[in-house]
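A short write-up of the structure that comes next.
The values are calculated or read from the model by the stated rules, or taken from the named source; none is laboratory data. Being a predicted model, the structure only gives us computed values, none of them experimental. Virtual Cβ from ideal backbone geometry, glycine too; neighbours counted across all protein chains shown.
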Amino acid sequence: MSKPVRIGVIGAGSISEMHLGSYNKNKDAAIVAVCDLKEERAKAKAEKYGIPHIYTDYRELLANPEIDAVSICTWNNSHAEISIAALQAGKHVLCEKPLSKTVEEALAVEQAVKTSGKTLQVGFVRRYASNTRIVKSFMESGDIGQVYYAKASCIRKLGNPGGWFADAERSGGGPLIDIGVHVIDLCWYLMGRPKVKSISGNTYNKLGNRSNVKNLKFYKAADYDANLNTVEDMANALIRFENGASLLVEVSFTLHAKTDELTVKLYGEKGGVELEPELTLIMEKHDTILNATPQIDNLSFEFVQGFQDEIDYFLGVCQGSHATLSPVEDGVEMMKILCGVYESASQGKEIHFE
């Protein structure tokens, strides 16, 4: 049997709980270190999970020879820097999405992966969910045919988390780079990861964080500050691919919408798929259109279970049993898409890729 993978977690904020909790439930993992700029926060996680080593400087954690792999759960603007340092220190890396703030940073991380010989798994958690695996199997069997159109919406009527999420310097953007990355990547992955041809995008900053609204609760960052908001309220984009397929996406932190909305739909030559809000496969058999609902436990994406599946897979990657489903190359391509939307919006025109 393989020895447990010795894990260090860098960043002890809210998302780290998903990583720590998932590692803690897997017998193939041993959490040996946690790091955070705020020592008291790192100490709290160490006490909860029985972690022996506490750091406030990620460089000191990476210098610990007991650590085989790390989860990076920090602000977006530090993802590339810490990933490169971890790879150079000989660690496997699970980096929360997005891979970086810029395409240039993403390419630097990709080069570090190649030089180090270690694996970096980008935190595209939706790829590891049960509903995604089911759809992937139908697509690989040819039941859906080539997907030529997809559309996705991730709309929050009120849900700007504030804090670093609302600070473009640390986050790199708002709902597009925070929640939009999940649905864009999910569609792109299931479409077969086609090469991007052009992007026409729009961003809007009209409503702010709407901290004046009463009677509705939403998640707030630990450093929530209603006076700080330098990111977009919402974004939309039409992404065209070289194979002729297209993807339409819309996302928001805040919008005058009746309800929150999460939809992911793909349309192929032989059938269609709706992953959200409920997994449905649409096909034609015997001159009849069928709406099929798979029967399986834990069918829809669940936040905690999704991370457990992702962490379990990453541990297998570290042990050499399989390759990651979300390699650094895909992280680079996703940064090209995200930055392309922002560039198109800022220039007010469609941009083209070579």
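Comparison of Ala112, Ala86 shows that the only residue that is surrounded by fewer than 24 Cβ atoms within 10 Å (Cβ to Cβ), in the same structural domain as Cys35 (by TED's automatic domain parsing) and over 16 Å from the mean Cα position of the chain (by Cα) is Ala112. When we screen Ile15, Ile51 for residues that are β-branched (Val, Ile, Thr) and buried (at least 21 other Cβ atoms within 10 Å of the Cβ), the only hit is Ile51. Can you confirm whether Val70 is without any contact (Cβ under 8 Å) to a residue 40 or more places away in the chain, assigned to a strand (DSSP E or B) and either in contact with a Ser or Thr (Cβ under 8 Å, 6 or more places away or on another chain) or not charged (D, E, K, R) (or both)? Answer is no for this residue. With respect to Leu338, determine if the residue is buried (at least 16 other Cβ atoms within 10 Å of the Cβ), touching a Pro at 6+ places or on another chain (Cβ under 9 Å) and at pLDDT below 95. In short, no. Going through (1) buried (at least 20 other Cβ atoms within 10 Å of the Cβ); (2) at positive phi one by one, Gly117 falls short only on (1).
Within region 303-339, being hydrophobic (A, V, I, L, M, F, W, C), under 15 Å from Val93 (Cα atoms) and over 14 Å from the mean Cα position of the chain (by Cα) holds for Phe314, Leu315, Val317, Cys318, Ala323. Restricting Asp330, Asp312, Asp297 to those that are surrounded by fewer than 19 Cβ atoms within 10 Å (Cβ to Cβ), touching a helix residue (DSSP H, G or I) at 6+ places or on another chain (Cβ under 9 Å) and at pLDDT 95 or above reduces the list to Asp312.
Counting only strands (runs of 3 or more DSSP E) that sit wholly inside region 89-201, those with at least 2 residues that are in contact with a strand residue (DSSP E or B) (Cβ under 9 Å, 6 or more places away or on another chain) and under 30 Å from Lys270 (Cβ atoms) are 147-155. In summary, Asp185 fulfils each of the numbered conditions (1) over 30 Å from Arg210 (Cα atoms); (2) in the same structural domain as Glu278 (by TED's automatic domain parsing); (3) modelled with pLDDT of 95 or more with the single exception of condition (1).
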